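Written below as structure tokens is the structure these notes are about.
The values are calculated or read from the model by the stated rules, or taken from the named source; none is laboratory data. Values in this document were obtained by computation on a predicted structure and should not be read as measured data. Ideal geometry is used to build each Cβ from the backbone, glycine not excepted, and the neighbour counts take in all protein chains shown. Heavy atoms of the whole protein, side chains included, go into the accessibility calculation; ligands, DNA and RNA do not. Shrake-Rupley method; radii C 1.70, N 1.55, O 1.52, S 1.80 Å.
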Amino acid sequence: MTAKTMKFLTILLASSGLSATIATAPAAAQTVGIDAAGRDLAVKPGDDFDAYANGGWRAKTEIPADRASTGTFLQVFEKAEKRNAELIQGAAAANPAAGTDLRKIADFYAAYMDEAAIEARGAAPLAPQFSAIATIRTRADLSRALGATLRADVDPLNATNFSTENLFGLFVAQALDDPSVNMPYLLQGGLGMPDREYYVSATPEMAELRGKYLAYIGDMLALAGVPDAQAKAQRVYDLELKIAQAHLNLTDSQDVHKANNRWSKADFSAKAPGIDWNAYFDAAQLGGQQSFIVWQPTATAGLAALVAGEPMDAWKDWMTFHAINHSAPNLPKAYVERSFAFFGTALSGTPRMRDRWKRGLGSVNAHLGDAVGKAYVARYFPAEAKADVQAMVKNILAAFDRRVEALGWMAPATKAEARRKIGTLQVGVGYPETWRNYAALDIRADDPVGNALRAEQFEYRHQIAKLGQPVDRGEWWMTPQTVNAVNLPLQNALNFPAAILEAPFYNPKADAAANYGSIGAVIGHEISHSFDNSGAEFDATGRMNNWWTAEDMAHFKAQGEALVKQYDAYQPFPGVHVNGALTLGENIADVAGLAAAYDAYRASLGGKPAPVIDGLTGDQRFFLAFAQSWRQKIREAALRAQIVGDGHAPGAYRAQTVRNLDGWYDAFNAKPGEGLYLAPADRVRIW
């Protein structure tokens, strides 16, 4: 994950998480589906289940020099990356016909890889943006220029905060209170660093990063030949500090009740004066849109006031820097290396940049994702794999439904609505039913900067074209080659891309215990996001609607608070704790999803005892598979960044989710006095 990776609008999309391994289990363990050699048998499971399950692996594993972390997700990602290389590099070698998706893939990749031509062009590809910035004279000009840069962010891990050149970001999806219509959501943006905390936190680590960021701004301006680069860098930084101070923090941004602010077009001038909103929306191709949802209204008002009050030259410097920063991956080597030195090394602790061909694959996937995805599933995702995973999803949904039916604390009316939501959940496995049409996207083999910018504009036009059109509940928000999964509460839907349905998450030849403990827990996790602290706010139609009795909601929130306290107690560094409130939605999904997957695994045995394999019972293999799915070795800088700005707890603590399930205590004989032991009354049982 990149340093700018953020949580998506929590109530709209909730991702499975991050972590990965490069270790390979012995051949015998592949059939079993767990890495028995990766354990540390000197650790009691009841003291630290992550260390027990993964300590042996962690001791012998080195984080690759070009990565901030490693673990199971990286192992699966590298398999997908190898396949993507075969497809994308193969497209270039095949010389496909002009106008085809394969031709666009080949030309995009060729342009990115032609380093000699990129060096020869220097900063010349930025000249049109620099010229447009130079013409800004009035506040209306500035408003138009800012509107012209508005882009739609569809990365489901990066939409509560836009860390790009955009002062605002746009997300197009169903209205919170009316799932029958698509609405444009306006979101706070404008920061170069990942989150407001990087600007306002008093910790020494953040203060050091601020100094490095200021130097980075100056260096990038100087590389592009901007005069008085250091003085302008200070102006840019000072403006971003004010932008950050206007922002809502991540925890407040997650509160859906603070987000459902429907503004008419006319409201903006009254509620957020300072921007010429008519000029802004006309430039953003939204002049005819009469209604918006403003996710962070106080931030919107604060940013608009800055547009009116801060010096025009500061805004022009800010736009100049972000034009350079945004296109840095497609500029000469000096820009690429300086960008990596800050975003890769300073922010995440990664010592070495990834090879250019790997970065090229990532860029093609980011901008032509469906074109690559269509080829990916045709070659690598057989129909039998899709059918098998669909059956597993059905089993886990049934287990979740049985758990809801059996809840003693929930009133019949609330229970009926919860079960209706389960029964109408729309599940996509592998790939979407319809594919993106790239015919109108202009890709040139000699224009890497232009290719990326035109692809972003193409995506923006695709997103705003949904306004006024029927809602597509089957819309996918991840490409098939993405190693992740997602829940979409507004659509009451799940997406499980093909690339995550691979060993060790899923192996059709592996023992059922391992498959249910790994991909089964991921499936359960995504199902449970429909019932986490945000997803539970939405009914079966995807409407934000309170379908709970007051007593039931009080019980649910009390269990959530218990989970917040459980995660608040985890302390990766002295004085640095996991944020239980920020990670609550993911932690609820882990607890409830693991419980549903466990029930489904036990049901799959059909009443027969599970075999003992290599001295391990079925339940032991199930819980080990879960913990090994979240195995992670991570650099300190990256871990600190994750704690500040990521809605997922670090992998080591996700593995400890097992302490809330009675079955784990029986499987590993965890006892009072051991580090993870919770008395039965203290175990969190949300669903």
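Quick look at the values:
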quantity: Separation of alpha-carbon centers, region 461-498 and region 630-687, rounded to whole Å; calculated: 30
quantity: Relative contact order (%) - region 480-625, alpha-carbon pairs under 8 angstrom, separation at least six; calculated: 29
quantity: Angle in degrees between helix 312-327 and the longest Cα principal axis of the chain, rounded to the nearest 10; calculated: 50
quantity: Order of exposure, largest accessible area first, which applies to M478, M353 with probe 1.4 Å; calculated: M353, M478
quantity: Label of the coordinate-derived value, semi-axes √(5λ) of the Cα gyration tensor in Å, listed as (1) 53, 36, 21; (2) 41, 35, 21; (3) 41, 28, 25; calculated: (3)
quantity: Rel. contact order, % - alpha carbon contacts under 8 angstrom, at least six apart, region 216-343; calculated: 35
quantity: Solvent exposure ordering (accessible area, 1.4 Å, most first) of W477, W57; calculated: W477, W57
quantity: Normalised contact order of the chain, rounded percent, pairs of Cα under 8 Å and 6 or more residues apart; calculated: 22
quantity: Dipole of region 377-457, positive end: most advanced residue of V449, G430, N395 [Cβ charges, Cα centre]; calculated: N395
quantity: Dipole axis of the chain (+1 Lys, Arg; -1 Asp, Glu on Cβ), positive-most option in A498, A558, G190; calculated: A498
quantity: Euclidean distance between Cα centres, region 553-625 to region 93-107, Å; calculated: 46
quantity: Cross-link partners of K394 among lysines (Cα-Cα below 21 Å; sequence separation of 8 or more within a chain); calculated: K386, K415, K421, K509, K608
quantity: Entries of K104/K242; K44/K633; K82/K316 with Cα pairs more than 31 Å apart; calculated: K104/K242; K82/K316
quantity: Rounded to the nearest 10 Å², the accessible area of H555 at probe 1.4 Å; calculated: 60
quantity: E119 accessible area, 1.4 Å probe, all protein chains in place, Å² to nearest 10; calculated: 90
quantity: Cα→Cβ-extended label distance, 7 Å offset, between D313 and L407, nm; calculated: 6.1
quantity: Alpha-carbon centroids, region 503-551 and region 257-321: separation in whole Å; calculated: 36
quantity: Ranked by how many other beta carbons lie within 10 Å on average, peptides 316-325, 285-294 from highest; calculated: 316-325, 285-294
quantity: Magnitude of the charge dipole, the chain, Cβ model with Lys/Arg +1 and Asp/Glu -1, debye to 20; calculated: 500
quantity: In Å², nearest 10: area of V522 left accessible to a 1.4 Å probe; calculated: 0
quantity: Highest-first arrangement of 305-312, 675-682, 181-188, where packing means the average Cβ count within 10 Å; calculated: 181-188, 305-312, 675-682
quantity: Charge dipole (region 34-134, unit charges on Cβ, about Cα centre) - positive-most of G122, A65, I34; calculated: I34
